[in-house]
Amino acid sequence: MDSSSIRPSAAPVNPHVAALPAYNAGLPLAQARAVAGRDDIARLASNENPHGCSPAVGRALAALEPWRYADPGCTDLRGALAARLKVPADRIVAGNGSEEMIAALCRAVLVPGAEVVTVVPSFGLHEIEPLANGARVVKVAMTAAAGFDLDALEAAIAAGPRLVFLSSPWNPVGPALAAAELARLIAAVRPGTLFVLDEAYHEFADPGAPDVLRLLLDSGIAFASLRTFSKAYGLAGLRVGYAICSDRELARVVTAAKTPFNVNAAAQIAAVAALEDAAWMEASVARLRHERERVAGALRAIGLAPAPSQTNFLFFDGGRDSGALAQRLLEQGIVVKPWREPGYERFVRATIGLPGENDRLIAALAALASP
Ligand SMILES: Cc1ncc(COP(=O)(O)O)c(C=O)c1O
C-alpha cells in the first residue's frame with residue numbers, strides 16, 4: 001500500500017505504536033522469485049544458517065504433541081541453558097525469538113518519556129520497541145572506521161538512560177567489543193540503568209573472544225544478555241531465543257511482560273535438541289567463519305571494503321544507493337539487505353550463504369563494479 005493512502009484510524013490507537021517506523025525485513029521468498037523470474041534464490045538478507053540445523057532436531061520433534069499446550073515456563077530448555085551457562089534457571093527467560101525478549105524488556109522497564117541509548121547503524125528493534133513504549137531514543141553514531149565510538153558511548157551511558165541497547169557482535173556492522181572496551185562501558189553504567197547486550201551472533205565471535213557473560217555477571221550492574229537459536233543453531237523459523245538477567249527479580253518482571261505460552265512446543269523441543277548437539281553448531285560456525293573470510297577477501301579484490309566481522313554477515317558500502325544495488329542483485333536472484341538509516345543509504349548487509357550462493361554474489365558485485 002502507498003503510504004499516502006494511509007488515513008488515521010478511527011479506532012483509539014496508541015499514538016506511539018501508530019507512529020512506529022516499519023521494520024526493514026528481508027524480502028519474502030515468493031516475492032523474490034516473482035521479481036527475479038527464477039527459483040534458485042540466494043537468500044542472503046536475514047542472517048540465517050545456510051547449513052540448516054542439527055539432524056537431532058528432526059528426530060526430537062517426533063515427540064511433539066501439537067494438541068498439548070507448551071510448557072509456559074520452558075522448564076527443560078531453561079534447565080539445559082542454566083546447566084550450559086552456569087547461571088541459575090530463575091534468571092533465564094525464554095522468548096518467541098530474542099526479538100520478543102527485546103519487546104518484553106522494554107515493556108518491563110520503560111515508562112513514557114524514558115531515555116534509551118543505542119547506536120546507529122543498529123538492529124531496528126532496538127529503536128522500534130523503545131518507541132512503542134513512548135521512550136526517547138538517543139542514537140550514538142559509529143566511528144568512520146566502522147567501530148564502536150567508545151568515548152561517545154561511555155558519555156551517553158554515564159548520563160543515566162533507563163535502558164541501553166547494544167549488540168556485540170554488532171548487527172549490522174560486524175565487529176565485537178573487546179573485553180577492555182566492554183569493561184569500560186560497564187563501568188559507565190549508573191544505578192537506574194539497565195544495560196542490554198544483544199548477543200544474537202555470540203557463537204560467531206572469534207575463538208578466544210572474551211567471556212562476555214562472565215564479565216557482566218561479575219560486574220554487579222543490572223543487565224540482560226540476549227541470545228538466540230535463530231542464527232548459529234539454524235532454528236530461525238521456529239522462533240526461540242532467551243534473556244539472561246542479572247537478577248531473579250528482573251527475570252520475574254520480564255516474564256510478567258511476555259505472553260504466557262510464548263514459546264511453542266516444537267520450538268522448545270527443537271532448542272533443547274540443538275543445544276545438546278553443540279558439535280553440529282560448532283562445525284557449522286567454523287565453516288561459515290572460513291567462508292566469511294573468503295568472501296571478504298573477494299569483495300576487497302573488487303574494490304569493496306567490508307567491515308571486520310565476527311558474525312555470519314558482511315556490511316559494506318556498495319558505492320551506490322543501497323536500494324538500487326539490492327534491486328540489481330535481486331534481478332539475478334540474490335537477496336541482500338539494503339541499509340536505510342541516515343548516513344548508511346549506500347550500505348548493504350550480505351549474509352554468508354553456501355559457497356555457490358556467495359560466488360553468485362561476488363560475481364554479480366564484480367560485474368556491477370566494472371565499467
Ligand atoms: C542483533 C539481533 N538481535 C535480535 C535478533 C532477533 O532474532 P530472533 O528473534 O530470531 O531471535 C536479530 C535477528 O536478526 C538480530 O540481528
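The values are calculated or read from the model by the stated rules, or taken from the named source; none is laboratory data. Everything quoted here is computed from the prediction, not taken from an experiment. Counting neighbours? That spans all protein chains shown, and the Cβs are built from the backbone with ideal geometry, glycine included.
In table form, for the structure just shown:
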read-out	value
Qualifying residue in region 33-56 (condition: at positive phi, at pLDDT 95 or above and either out of contact with any helix residue (DSSP H, G or I) (no Cβ under 9 Å at 6 or more places or on another chain) or surrounded by 13 or more Cβ atoms within 10 Å (Cβ to Cβ) (or both))	yes
Every pair of residues 6+ apart whose Cβ atoms lie under 7 Å, when the first sits in region 353-365 and is in contact (Cβ under 8 Å) with a residue 40 or more places away in the chain while the second is among the acidic types (Asp, Glu)	Pro355/Glu291; Asn358/Glu291
Condition check for Gln310: modelled with pLDDT of 95 or more and farther than 23 Å from Pro207 by Cα	no
Output for region 54-93, where each listed residue is within 16 Å of the ligand (Cβ to nearest atom) and outside any helix (DSSP H, G or I)	Cys74, Ile92, Val93
Restricting region 94-121 to residues that are in a loop (DSSP other than H, G, I, E, B) and within 17 Å of Arg162 (Cβ to Cβ), the residue that is nearest to the ligand (Cβ to nearest atom)	Leu110
Qualifying residues in region 17-32 (those that are modelled with pLDDT of 90 or more and exposed (fewer than 11 other Cβ atoms within 10 Å of the Cβ)) - the one farthest from the ligand (Cβ to nearest atom)	Ala19
Selection count, region 191-214, where residues are closer than 28 Å to Ala135 by Cα and without any contact (Cβ under 8 Å) to a residue 60 or more places away in the chain	8
Selected residue (criterion: nearest to Glu129 (Cα to Cα)) from residues of region 18-32 that are in a helix (DSSP H, G or I) and free of Cβ contacts under 8 Å to residues at least 24 places away in the same chain	Ala18
Conditions (1) within 30 Å of Ala178 (Cβ to Cβ); (2) surrounded by 19 or more Cβ atoms within 10 Å (Cβ to Cβ); number of the one not met by Ala326	(1)
Subset of region 73-89 (residues that are small (Gly, Ala, Ser) and touching a Lys or Arg at 6+ places or on another chain (Cβ under 9 Å))	Ala82, Ala89
Looking only at region 237-253, and only at residues there that are under 19 Å from the mean Cα position of the chain (by Cα) and touching a residue at least 40 places away in the same chain (Cβ under 8 Å), the one that is nearest to the ligand (Cβ to nearest atom)	Gly241
Unique match (being in contact (Cβ under 8 Å) with a residue 40 or more places away in the chain and touching a Gly at 6+ places or on another chain (Cβ under 8 Å)) among Cys53, Cys74	Cys53
